[in-house]
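The values are calculated or read from the model by the stated rules, or taken from the named source; none is laboratory data. Computed from a predicted structure; not experimentally measured. Here Cβ is always computed from backbone atoms with ideal geometry, including for glycine, and neighbour counts include all displayed protein chains. Accessible surface is based on the protein model in full, side chains and every heavy atom, while ligands, DNA and RNA are left aside. Shrake-Rupley method; radii C 1.70, N 1.55, O 1.52, S 1.80 Å.
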Amino acid sequence: MSTLRQKRRERGLTLHQVANSVGLAASNLSRIERGQQSPRPASAIKLYRLFDQEVPLEDILNATTDEDA
């Protein structure tokens, strides 16, 4: 499970809540969490700040999953 998804779930937030907070479609956020898409830099920074920098920026920007490594 991605760090981003893990932190979102720990905080009890839905995909839609987080997506709306940072200006993304929920489907795009889902792809970002699954490592299928990288966010634009501005969105990555918003996600980083939203999670109080607990999710490393590298994890947010990295579009590969553990299965791909």
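The lone criterion from (1) open to solvent by 50 Å² or more (accessible area, probe 1.4 Å); (2) not in a helix (DSSP H, G or I) left unmet by Gln6 is number (2). Among residues of the range 1-28 that are under 18 Å from Pro56 (Cα atoms), those with a Cβ under 6 angstrom from a residue that is of a type in the set (A, V, I, L, M, F, W, C) and in a loop (DSSP other than H, G, I, E, B), sequence gap 6+ or separate chain, pair up as Thr3/Val55; Leu4/Val55; Lys7/Phe51; Lys7/Val55. Cβ separations smaller than 8 Å between residues 6+ apart or across chains give no pair from the range 30-56 residues that are at positive phi and aromatic (Phe, Trp, Tyr) to residues that are in a helix (DSSP H, G or I) and open to solvent by 70 Å² or more (accessible area, probe 1.4 Å). Among the conditions (1) more than 12 Å from Arg5 (Cβ to Cβ); (2) at pLDDT below 95, Gly35 misses just one, which is (1).
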